[in-house]
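A short worksheet on the structure shown next.
The values are calculated or read from the model by the stated rules, or taken from the named source; none is laboratory data. The structure presented is a predicted model; accordingly, all values stated were derived computationally and were not measured. Neighbour counts run over all protein chains shown; Cβ positions are idealised from the backbone, glycine included. Only protein heavy atoms, including side chains, enter the accessible area calculation; ligands, DNA and RNA are left aside. Shrake-Rupley method; radii C 1.70, N 1.55, O 1.52, S 1.80 Å.
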Amino acid sequence: MNSSGSLARALSRSAPIQAMATHSPLSAKLAEEAGFDALWASGFELSALYGLADVSLITMTQHIEMLRAIARASALPIIADIDTGFGNAVNVAHAVAEYERAGAAAVVIEDKSFPKMTSLIAGGRQELLRIEEFQGKIEAACAARSSDDFCVIARVEALIAGLGQAEALKRAQAYCEAGADMILIHSKQKTPDEIEAFIAAWDGLVPLVLVPTAYPQMTVDRIAATGKVGIVIWGNHAIRASVAAMQEVFARVLADGGLHGVEETIAPVTEIFRLQKMDDIKDLEQRFLR
Ligand code: SPV
Ligand code: MG
């Protein structure tokens, strides 16, 4: 059993579970304290953290090391974004075993070719695998897990690639037949129409997963009302919140010629000490330093 919580347990509720994006143990802790149900170990966020584009540049080692650190910092179930699975079905089998051991509760594998192009970019090259090939990858993922609680989520990129509703539904159905526990259906349309049409046409055999970054009008209540969505992922809001906060503070320090203008707007050092568990360090000193 992985060290983080089980997604299956969280999924037994009637409302969709809410997973917040994370790129570090610190952002994971903050998401947990805020009250989210799960964490999304986002490839986009980790790529951005390294100052890189989300186009298969970060390695499995980089991503899994961060996931291990996140699993140590938070008890929440972690949904690992493993992009295309780092290669073919053989690579997927290896990756799933490693991610489960590292503390992931689920993996999301997308049906794009390697190297992938980030999904939300305007006019990006979006190449999909043949359906049979991706079914093999999903079957390999299911066969490689050791716990039945570990979820294999197949991500359909047909709408992102502009291939339309019929192709998206065909692929989602085929990935279910291959054993996927859930289907992540992604869209970059600026309104929820495309996703709502997909949800309406979906037979509901397995729960859907949504990432409503491009269509933020889609609230949890609106998603819950469909009755077909198990997880909503807030896809990149940890890194975007950090970037906006740092840009504002950095500009103000330079503009003001000092720290006086930002002191009241940022977290006090004592808050960072709390997150670092400095009280525990003091206790250890008390007990063991002689
Ligand atoms: C990610 O957060 O890495 C995702 C979601 O895969 S998206 O960037 O919208 O494709
Ligand atoms: Mg990703």
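Kindly establish whether K116 is within 16 Å of ligand 1 (Cβ to nearest atom) and either surrounded by fewer than 20 Cβ atoms within 10 Å (Cβ to Cβ) or over 19 Å from H237 (Cα atoms) (or both). It is true that K116 is within 16 Å of ligand 1 (Cβ to nearest atom) and either surrounded by fewer than 20 Cβ atoms within 10 Å (Cβ to Cβ) or over 19 Å from H237 (Cα atoms) (or both). If you go through the range 13-28 one residue at a time, do you hit one that is away from ligand 1 (no atom under 14 Å from the Cβ), out of contact with any helix residue (DSSP H, G or I) (no Cβ under 9 Å at 6 or more places or on another chain) and within 25 Å of L120 (Cβ to Cβ)? No, that holds for no residue.
Within the range 40-54, the presence of at least one residue that is assigned to a loop (DSSP other than H, G, I, E, B), surrounded by fewer than 24 Cβ atoms within 10 Å (Cβ to Cβ), in contact (Cβ under 8 Å) with a residue 24 or more places away in the chain and within 14 Å of ligand 2 (Cβ to nearest atom) is confirmed.
A255 falls short of the stated requirement of being surrounded by fewer than 12 Cβ atoms within 10 Å (Cβ to Cβ), in a helix (DSSP H, G or I), away from ligand 2 (no atom under 16 Å from the Cβ) and assigned by TED's automatic domain parsing to the domain that holds R145.
Test R290 against the criterion of being open to solvent by 70 Å² or more (accessible area, probe 1.4 Å) and within 16 Å of ligand 2 (Cβ to nearest atom), and give yes or no. Against the criterion (open to solvent by 70 Å² or more (accessible area, probe 1.4 Å) and within 16 Å of ligand 2 (Cβ to nearest atom)), R290 does not qualify. Residues in the range 158-193 that are closer than 18 Å to I79 by Cα and within 18 Å of the chain's Cα centre (by Cα): A180, D181, M182, I183, L184, I185, H186.
A10 satisfies every condition listed in (1) buried (at least 17 other Cβ atoms within 10 Å of the Cβ); (2) at pLDDT 95 or above except (2).
Does V262 count as assigned to a helix (DSSP H, G or I), open to solvent by less than 90 Å² (accessible area, probe 1.4 Å) and either over 30 Å from D81 (Cα atoms) or outside the structural domain of A201 (by TED's automatic domain parsing) (or both)? Spelling it out, it is not the case that V262 is assigned to a helix (DSSP H, G or I), open to solvent by less than 90 Å² (accessible area, probe 1.4 Å) and either over 30 Å from D81 (Cα atoms) or outside the structural domain of A201 (by TED's automatic domain parsing) (or both).
Only one of G103, G123 is assigned by TED's automatic domain parsing to the domain that holds I195, away from ligand 1 (no atom under 13 Å from the Cβ) and in contact (Cβ under 8 Å) with a residue 12 or more places away in the chain. Can you tell me which? Step through it out loud before you land on a result.
On the way: G123 fails: in contact (Cβ under 8 Å) with a residue 12 or more places away in the chain.
Being assigned by TED's automatic domain parsing to the domain that holds I195, away from ligand 1 (no atom under 13 Å from the Cβ) and in contact (Cβ under 8 Å) with a residue 12 or more places away in the chain holds for just one of G103, G123, which is G103.
Does the range 57-73 contain at least one residue that is within 16 Å of ligand 1 (Cβ to nearest atom), farther than 27 Å from I185 by Cβ and among the polar types (S, T, N, Q)? Within the range 57-73, one or more residues are within 16 Å of ligand 1 (Cβ to nearest atom), farther than 27 Å from I185 by Cβ and among the polar types (S, T, N, Q). Being of a type outside the set (D, E, K, R), at pLDDT below 95 and assigned by TED's automatic domain parsing to the domain that holds G85 holds for only one residue in L184, L205, and it is L205.
Within the range 137-150, identify whether any single residue is of a type in the set (V, I, T) and over 12 Å from V92 (Cα atoms), and answer yes or no. Let's see the steps before the verdict.
As a first pass, look at the range 137-150 and keep what is of a type in the set (V, I, T): 138.
Going one step further and asking which of them are over 12 Å from V92 (Cα atoms), we end up with none.
Among the residues of the range 137-150, not one is of a type in the set (V, I, T) and over 12 Å from V92 (Cα atoms), which makes the answer no.
Name the one entry in L39, L46 that is within 16 Å of ligand 1 (Cβ to nearest atom) and closer than 25 Å to R222 by Cα. After ruling out the rest, the residue left standing is L39. Among the residues that make up the range 17-28, is at least one of them assigned to a helix (DSSP H, G or I) and either hydroxyl-bearing (S, T, Y) or within 16 Å of ligand 2 (Cβ to nearest atom) (or both)? Within the range 17-28 (the criterion being assigned to a helix (DSSP H, G or I) and either hydroxyl-bearing (S, T, Y) or within 16 Å of ligand 2 (Cβ to nearest atom) (or both)), the answer is yes, since at least one residue qualifies.
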